[in-house]
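Presented below is the structure to which this report refers.
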Amino acid sequence: MIRVNFIIWTTPIFSILLAVTSIASEYKPEKSEFLVKVKNEIIPYKVMGIFVLPQEIVSIEALSHQPEGDFIFLMEKGKLSRLSPAKWNWQAPAETGLHPLTLFHPQTGDSLRLNIFVMVPFEELKGEYLNGYRIGKYPTLALKNLSIYQPPKGFIEVTPENEETFISPHFQIKQFLSKQSSDYPKYLALRERLILKLEMILEKVNEKGIDCNTFFVMSGYRTPFYNKAIKNVTYSRHIWGGAADIFIDQDPEDGMMDDLNNDGKIDYSDAEVLYKIIDDLYGEPWYHFFIGGLGKYKKTPSHGPFVHVDVRGFKARW
């Protein structure tokens, strides 16, 4: 048990000073010295996106040991209350948008920033549109009555001002937007667990000797409208923000999968390299929470080879 108190600091400059995050030229995991549990997800990284509804109460719990002392909470909006020496509740403001919250431990100088997006509730959809942005229609029946196929609770509003926000050390919110053409604001659904899974896969890729600072997200969230327009399956995990089609585009950065097996060609075998790294994680105790779908795809006239990753909660392979 961590024996700490807490101090709330709302001065914006402190949030700005601790918000400096960028995709470095050399990969580093960017993990914090302490873990935080938020929305039943264990967060080991120095920055993480969290998605909540207006006035939703979120539990924040510090899990790993720190020297005794005060955590300083740097925040501008929302209400914070302590439940125990290492657990707090934060109530989101009614205002939608980005509301960062940073946990800072002055004795060690370590910090963990939660980039919290207060979403626009699903109920604010007007037909197929949300503030002029076409979402489309979600299936009225959940596939096999699984809860993961219920309509999302809300949508993250993305603007030119917040689209470059980091939602983990190596991924920005704009990477997951639906590819449909539209003006701002744009909207998306996204699951925190998918972001965590991508970060963990990225770490394993680098451990295998493949230099990669982030994945090229060819397809992240798809609105039901866009998903139907490209003739994808009705129950695609993409429309719930739980899937990403990815490839490694590091050397050179050209919008195409790198030559991962060094055979001088860009083809299906390169997708197989990435696929195997991910599939080999299956069976690891820590990977249990990230089980999902995994598929590999060939190069076509419209795109290069890529790998599909999702967090559906049960194993699927293709």
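The values are calculated or read from the model by the stated rules, or taken from the named source; none is laboratory data. Quantities reported herein were computed from a predicted structural model and do not represent experimental measurements. Every residue, glycine among them, receives a Cβ derived from its backbone with ideal geometry; neighbour counts consider all protein chains shown.
Assuming Lys204 fulfils every condition listed in (1) touching a helix residue (DSSP H, G or I) at 6+ places or on another chain (Cβ under 9 Å); (2) surrounded by fewer than 18 Cβ atoms within 10 Å (Cβ to Cβ); (3) not in a helix (DSSP H, G or I) apart from one, which condition is it?
(3)
Mind telling me which of the residues Asp279, Asp259 ends up being surrounded by fewer than 16 Cβ atoms within 10 Å (Cβ to Cβ), out of contact with any Pro (no Cβ under 7 Å at 6 or more places or on another chain) and not assigned by TED's automatic domain parsing to the domain that holds Phe51? Give the steps one after another, and end with the answer.
On the way: Asp259 fails: surrounded by fewer than 16 Cβ atoms within 10 Å (Cβ to Cβ).
From the options Asp279, Asp259, the qualifying one is Asp279.
Would you confirm, using the coordinates I've provided, whether Leu194 is closer than 27 Å to Leu260 by Cα and touching a residue at least 24 places away in the same chain (Cβ under 8 Å)?
Details: closer than 27 Å to Leu260 by Cα: yes; touching a residue at least 24 places away in the same chain (Cβ under 8 Å): yes.
Yes, satisfied.
Could you count how many residues in the range 107-156 are assigned to a strand (DSSP E or B) and β-branched (Val, Ile, Thr)?
The total comes to 4.
Tell me which residues, restricted to the range 290-317, are of a type in the set (Phe, Trp, Tyr) and surrounded by fewer than 16 Cβ atoms within 10 Å (Cβ to Cβ). If you could, list the steps in order and put the result at the bottom.
Looking only at the range 290-317, we keep the residues that are of a type in the set (Phe, Trp, Tyr), and these are 290, 297, 306, 314.
Answer for the range 290-317, where residues must be of a type in the set (Phe, Trp, Tyr) and surrounded by fewer than 16 Cβ atoms within 10 Å (Cβ to Cβ): just Phe314.
If I ask for residues that are at pLDDT 95 or above and either of a type in the set (S, T, N, Q) or in a strand (DSSP E or B) (or both), which ones from the range 1-39 would you list?
If the condition is that a residue be at pLDDT 95 or above and either of a type in the set (S, T, N, Q) or in a strand (DSSP E or B) (or both), then Lys31, Val36, Lys37, Val38 are the ones that fit.
Within the range 226-313, considering only strands (runs of 3 or more DSSP E) that don't extend past its boundaries, which have at least 3 residues that are within 16 Å of Leu202 (Cα to Cα) and at pLDDT 95 or above? Give the derivation first.
Details: elements: 243-247, 293-297, 306-310.
Qualifying strands (runs of 3 or more DSSP E): 243-247, 306-310.
When Ile148 is evaluated against the numbered criteria (1) under 18 Å from Pro224 (Cβ atoms); (2) in contact with a strand residue (DSSP E or B) (Cβ under 9 Å, 6 or more places away or on another chain), which criterion, by number, is the only one it fails?
Against the list (1) under 18 Å from Pro224 (Cβ atoms); (2) in contact with a strand residue (DSSP E or B) (Cβ under 9 Å, 6 or more places away or on another chain), Ile148 comes up short only on (2).
Given the conditions (1) crowded, with 19+ Cβ neighbours inside 10 Å; (2) part of a loop (DSSP other than H, G, I, E, B); (3) not basic (Lys, Arg), and given that Leu194 satisfies all but one, which numbered condition is not satisfied?
Going through the list (1) crowded, with 19+ Cβ neighbours inside 10 Å; (2) part of a loop (DSSP other than H, G, I, E, B); (3) not basic (Lys, Arg), Leu194 breaks only (2).
When you check Tyr138 against the structure, is it within 16 Å of Leu190 (Cβ to Cβ), outside the structural domain of Lys231 (by TED's automatic domain parsing) and of a type in the set (Ser, Thr, Tyr), yes or no?
On the way: within 16 Å of Leu190 (Cβ to Cβ): yes; outside the structural domain of Lys231 (by TED's automatic domain parsing): yes; of a type in the set (Ser, Thr, Tyr): yes.
The answer is yes for Tyr138.
When you go through Val311, Val233 one by one, which is the residue that is out of contact with any Phe, Trp or Tyr (no Cβ under 7 Å at 6 or more places or on another chain) and β-branched (Val, Ile, Thr)?
On the way: Val311 fails: out of contact with any Phe, Trp or Tyr (no Cβ under 7 Å at 6 or more places or on another chain).
Answer to the check: Val233.
Assess whether Lys174 counts as being assigned to a helix (DSSP H, G or I), surrounded by fewer than 18 Cβ atoms within 10 Å (Cβ to Cβ) and either under 22 Å from the mean Cα position of the chain (by Cα) or among the basic types (Lys, Arg) (or both).
yes
More than 17 Å from Gly242 (Cα to Cα) and of a type in the set (A, V, I, L, M): which single residue out of Leu194, Leu130 fits that description? Let's see the steps before the verdict.
Details: Leu194 fails: more than 17 Å from Gly242 (Cα to Cα).
Exactly one residue qualifies, and that residue is Leu130.
Within the range 47-59, can one find any residue that is assigned to a strand (DSSP E or B), modelled with pLDDT under 95 and surrounded by 14 or more Cβ atoms within 10 Å (Cβ to Cβ)? Even if it seems obvious, please write down each step before you answer.
Residues of the range 47-59 that are assigned to a strand (DSSP E or B), as a first pass: 47-52, 57-59.
Imposing the further condition that a residue be modelled with pLDDT under 95 reduces the set to none.
No - not one qualifying residue is present in the range 47-59.
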